[in-house]
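Asker: Can you keep this structure in mind? I'll have questions shortly.
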Amino acid sequence: MAKKILLVDDEVDFLKITASRIESWGYEVISVTNGSLALSAIKDKNPDIVVLDYMMPEMDGIETLKKIRKVNKELPVIMFTAYPNEKTIKGAENLGVSAFIPKLSMYSDSQEALKEAISMIKKRDDK
């Protein structure tokens, strides 16, 4: 059975392309455009991994992650950001992020880094 990955990003084009790419790797993808929808999807769809954008309107990635941790402390979360900096990374690490990937471009090596992070989590879970 394929792992379910919840993809959370407010950029619809990036969301579509990334979802398509992740599906091509053999995973089931649930796509949502904001933190509130992500929390609902976690409760309703029980994903195995969350891929979360850092910069989103209304509820940013860190606030979303804080709420995810109140519901599920163990759920693996991979965070994307276009603006990596020490404060961003430190705040996310303190909340148990499995991987932190710069969101340089949907066509850049960030896709390969995402694939590696998902694969690493899958291997850990399969043990």
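The values are calculated or read from the model by the stated rules, or taken from the named source; none is laboratory data. Worth saying up front: this structure is predicted, and the values here are computed from it rather than measured. We place every Cβ from the backbone using ideal geometry, glycine too, and count neighbours over all the protein chains shown.
Asker: Could you please let me know if I121 is in contact with a Ser or Thr (Cβ under 8 Å, 6 or more places away or on another chain), surrounded by 12 or more Cβ atoms within 10 Å (Cβ to Cβ), at pLDDT 80 or above and assigned to a strand (DSSP E or B)?
Answerer: On the way: in contact with a Ser or Thr (Cβ under 8 Å, 6 or more places away or on another chain): yes; surrounded by 12 or more Cβ atoms within 10 Å (Cβ to Cβ): yes; at pLDDT 80 or above: yes; assigned to a strand (DSSP E or B): no.
For I121, the condition - in contact with a Ser or Thr (Cβ under 8 Å, 6 or more places away or on another chain), surrounded by 12 or more Cβ atoms within 10 Å (Cβ to Cβ), at pLDDT 80 or above and assigned to a strand (DSSP E or B) - is not met.
Asker: Sort out which residues of region 34-77 are within 24 Å of E116 (Cα to Cα) and hydroxyl-bearing (S, T, Y), and write them in order of number.
Answerer: Within region 34-77, Y54, T64 meet the criteria.
Asker: Give me the pairs, please: first residue somewhere in region 58-80 and over 20 Å from P102 (Cβ atoms), second residue anywhere and part of a loop (DSSP other than H, G, I, E, B) and acidic (D, E), beta-carbon distance under 9 Å, and either six or more positions apart or on two chains.
Answerer: Here the result reads E58/D10; L75/D48, each pair linking region 58-80 to a residue that is part of a loop (DSSP other than H, G, I, E, B) and acidic (D, E).
Asker: Can you pull out the helices (runs of 4 or more DSSP H) entirely within region 1-117 that have at least 1 residues that are at pLDDT below 95 and crowded, with 18+ Cβ neighbours inside 10 Å? First the steps, then the outcome.
Answerer: Numbers: elements: 12-24, 35-45, 61-71, 86-94.
Per the criteria, 12-24, 61-71, 86-94.
Asker: Between residues in region 36-48 that are under 18 Å from D9 (Cβ atoms) and residues that are basic (K, R) and part of a helix (DSSP H, G or I), which pairs lie under 6 Å by C-beta distance while being six or more apart or on different chains?
Answerer: Short answer, once both residue conditions are applied: L39/K67.
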